[in-house]
Every structure is written in structure tokens, then in C-alpha cells.
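A short write-up of the structure that comes next.
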Amino acid sequence: MEWDATEFKQRLLEAAKREGFELAGIAAATPAETRQAYLDWVRDGRAGEMHYLTRDPERRSDPGIVWPETASILVAGLNYHTWEPDPAERHDPSRGQFARYAVGEDYHEVIAGKLRRLRAWAVQWGPRDLAGRYYVDTGPLLERDLAARAGLGWFGKNTCLLNTRQGSYFFLGALLLNVELPPDGAVSAHCGTCTRCQDACPTGAFVAPYVLDARRCISYLTIELRGPIPREMRPLIGNWIFGCDICQEVCPWNRKAAVGSDPRLAPRDALKAPELIPLLEMTVEQFQETFRRSPVKRTKRQGLLRNVCVALGNSGDPAAVPALVRALEHEEPLVRGHAAWALGRLGGPAAGDAVRRRLDAEEEDWVREELEAALRELCSTS
């Protein structure tokens, strides 16, 4: 019997829904429609230190270069809106905040397994020579562009993909196929004149509607940036210690967004607004155990402790001073430097004495600069 591409597409989309994907559609294997905007974004340096986004941008904007056999692309969305933070804990400065997507199991593994099974299904039920490759966030693809062309949603002014039923709390994955399937069409945008996301961003990361300067984004600063967080940005981060949801929380399309059902994306108790001071004193073994199979491991222990120091500095809580004093002796300069900044913010005789003692012993130039800046702050408020 002759192979029917339309029927196969419908069965493939049904298989995607059985795998738990709330959204699924087919995009044509053509160069990205947002290619020029992406190239301009890279040229303007808005990717910061995310060098993987700036390598070979022509390849990233054309799936046919990524895999020359690509004829069509299944794009799937998985809802991670599995919980709502407790408002009291969310705004408690003594507790840290993780972005919603990071409180469960690592989504790369969850989605990769689903796409792997979808590829196996397609190979079994498709034409004899059918083959495919799948990517979850780590491949050289502009997933949002593909998802928009596959009809999964539209670009919001906060640069997230928005869907009328799912809001923006969903992951994307792509399955490249070497058979041509009827593509789906793009959907209309529904942001209108709303600017809530831009207005709510504490760091001013949106330099224009639909344009994000990653260098000012809290998610970038707490995850992708490997070195010191710029001093002028630290007070604006609040108690976010891995990622940020502010521009999504204020979006009207997320008010009644559907709830995700995959239990692997449900929050771990240890990541639901944990107290900051115990996090700062977490050992290597505790970090490995707490964040096993978690996206939080991306920032590594020293990166997370750097973020915790910043959050404690923003907490205004003098009870954090003893833990920060101990952090001045941490083996990682990144942690020592941010602990010094936090002590300068919190102030008090104990903080001043500890900073002076550490300055006498510190050999790292950057950390010494942080200690000296902290002393100046302490002297100006004493």
C-alpha cells in the first residue's frame, strides 16, 4: 500500500501525545525565519558568555546544515507547570528561589527518553528508509523558531514561546526526520499592547519588545555566567539562586495555564524555597545528593554558593553573618568574593572584623578587590 504522509503525520502526533507531550506539530526543514534577528543578537554581544550560541550561527539557523537529510521536523512541548510556590515562602528573603523548571528531574533526560521512543515508533511504522535525530536544548537548533512554525505558539515580548492553553511553562524538543510531512502553520500573536513582562524585570533585561540582553537576565547571571556577577546587578537579583520566573509569572497567559502531569518534573521538597544559610554550608557530598539528576548541577556547587551569597547579602538578615564569615574561608575564590560583598551589605562589627582578617590573608587579586569594596561599604554605614 502506498505510504500516506498525511496519515503518518497524524499518527505521529498522536504518538507524541501518548508520550505525554501536551504540544506537538510539524515544521518544514527550512532556514529559520528569525535568522536575521538571531544574527543581529549575536553580533550585538547579547549572548554574553554563552559561546555555544555564537559558534557557527549559520548552522544553528538552518536544520538542513545540522543534518543534511532533514526533510521535516516534529517539534514537541512538555508542560513543567507542576506546582505553584507558596507566596509567603516565595517572598521570604531568608529563603532561596529556584526557577520552576529546575525543581524536578533534569528535563534533558526526561524529554530525550520520550523523543527516543518516538523515533523508534517512527522507524517501525514509517517508510523502510526512515531515520531521525532528536535534540533537547543542547543541539544546534533554534527550537523556538521551529516551534512557532510548527504552530505551538508565538513569540512573547519576553522572548518565551506562548501558547493560549499552556502559557509559557513548557520545554521544547525536536525530532528531525528524513521524510517530508505536511507542515503546520504559525499561529497569531496575542500579546497586543501588554508590556507586563518588560515592566516587571528588575534588571531591565528587555532592551526592546522581543529582545533580551542575556547579560542582564537573572537566569543568565545565576546559571550561565561562570565568573563573578557584576556588582551593580547583585542587589537586583533578590533571592533568586537558580534562574528566574518573574517575566513569566506576570504574563496573563500563565494565569490559567494548564498544569503539567509528568511526575518527574514535580518539585523536590529540598528545592521548594529552601533556607539559604544551610545551603551556603552544603558540602560537596550534600550538593551531589541534593541535586542528583537535577538541572541545578549545571551551575556547579561553587556557582550555586556564589548565588546564595548574593541572596544572603540581599536578605538584610544579620543572622546570616556567621555563615558568611565562614564562607570567607571557602576554597573557591568565587565564593569568598561574593561572601565579602554580602558581608559589606549586611554590615556590623563582626562582618567588619572578618573582612579585615581575610584581607590580610587573601592572595587572589579579585577577591582582595571585593574585600576592599566591602570594607568601604562597611565604613560608609558605620
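Enumerate cysteines in the chain without a disulfide-compatible partner, where compatibility requires another Cys Cβ under 4.7 angstrom.
160, 191, 194, 201, 217, 244, 251, 309, 379, each lacking another Cys Cβ under 4.7 Å.
With all protein chains present, how much of the accessible area of the chain (probe radius 1.4 Å) comes from carbon and sulfur, to the nearest whole percent?
C and S fraction of accessible area: 50 percent.
Note down the Stokes-Einstein diffusion coefficient of segment 34-98 in µm²/s, whole number, using a Kirkwood radius over alpha carbon pairs, 4 °C, and 1.567 mPa s. Don't jump to the answer; show the numbers that get you there.
Details: Rh = 15.9 Å.
So the translational diffusion coefficient is about 82 µm²/s.
Separation between the residue 14 and residue 129 pseudo-spin-labels, each 7 Å from Cα along Cα→Cβ, expressed in nm?
2.8 nm
Under the 0.36 nm per residue contour assumption, what length would be gained going from the current alpha-carbon distance of residue 207 and residue 193 to full extension?
Working: separation 14, 0.36 × 14 = 5.04 nm, distance 1.64 nm.
Taking residue 207 through residue 193 to full extension adds about 3.4 nm, to one decimal.
Relative to the first principal axis of the alpha-carbon coordinates of the chain, what is the inclination of helix 349-361, with its axis defined by its Cα atoms, in degrees from 0 to 90 and to the nearest 10?
80 degrees
Using only the Cα atoms, work out Rg/Rh for the chain, with Rh taken as the Kirkwood radius, to two decimals. Write down the numbers at each step before the final one.
Numbers: Rg = 23.0 Å, Rh = 22.4 Å.
Answer for the chain: 1.03.
Angle between the Cα long axis of helix 365-381 and the longest principal axis of the chain, 0 to 90 degrees, nearest 10?
Between helix and principal axis, roughly 60 degrees.
List the relative contact order of the chain as a percent without decimals, with contacts defined as Cα pairs under 8 Å and 6+ residues apart. Write out the running numbers ahead of the final one.
Numbers: 684 pairs, mean separation 73.9, N = 382.
The normalised contact order for the chain reaches 19 percent.
Roughly how tilted is helix 107-125, in degrees to the nearest 10 and between 0 and 90, from the longest Cα axis of the chain?
10 degrees
Between their Cα atoms, which of 9/256; 9/114; 114/297; 157/272; 272/300; 272/297 are more than 26 Å away from each other? Walk me through the numbers before you get to the answer.
On the way: 9/256 30 Å; 9/114 17 Å; 114/297 22 Å; 157/272 28 Å; 272/300 19 Å; 272/297 16 Å.
Listed pairs above 26 Å: 9/256; 157/272.
Assuming R0 = 22 Å, what is the FRET efficiency of residue 86 and residue 281, from their Cβ-Cβ distance, to the nearest 0.05? Don't jump to the answer; show the numbers that get you there.
Numbers: r = 24 Å, r/R0 = 1.08.
E between residue 86 and residue 281, to the nearest 0.05, is 0.40.
Only sites in a loop by DSSP and with at most 12 other Cβ atoms within 10 Å count here; which GluC sites (Glu not before Pro) in segment 326-382 make the cut?
The qualifying sites are 331, 363.
Pick from 271, 312, 146 the residue whose mean-square fluctuation is largest in a GNM of the chain, springs joining Cα atoms under 10 Å.
Ranking 271, 312, 146 by mean-square fluctuation puts 271 first.
Tell me, what does the Kirkwood hydrodynamic radius of segment 23-142 come to in angstroms if you use every pair of distinct C-alpha atoms?
Values: mean 1/r = 0.0577 Å⁻¹.
Computed over segment 23-142, the radius equals 17.3 Å.
Which of 130, 172, 78 ends up with the largest GNM mean-square fluctuation for the chain, with Cα atoms connected below 10 Å?
Highest fluctuation among the options: 130.
Could you give the dipole magnitude of the chain about its Cα centre, charging the beta-carbon of Lys and Arg +1 and that of Asp and Glu -1, in debye to the nearest 20? Mind dumping the intermediate values first?
Working: 49 positive and 53 negative charges, 102 e Å.
Dipole of the chain, to the nearest 20 debye: 500 debye.
Could you report the chain's accessible area per residue, 1.4 Å probe, as an integer in Å²? Don't skip to the answer; put the middle values down first.
Details: 17160 Å² over 382 residues.
Per-residue value: 45 Å².
With a cap of 14 neighbouring Cβ atoms within 10 Å, and only residues DSSP puts in a loop, list the trypsin sites (Lys or Arg not before Pro) found in segment 49-105. Could you put the intermediate results ahead of the total?
Numbers: sites: 55, 59, 60, 90, 95, 100; in loops: 55.
Hits after loop and neighbour filter: 55.
The values are calculated or read from the model by the stated rules, or taken from the named source; none is laboratory data. All figures in this text were calculated on a predicted structure; none of them were measured in a lab. Cβ: placed from backbone, ideal geometry, glycine included. Neighbour counts: every protein chain shown. Please note that ligands, DNA and RNA were not included when accessible areas were found on the heavy atoms of the full protein model with its side chains. Shrake-Rupley method; radii C 1.70, N 1.55, O 1.52, S 1.80 Å.
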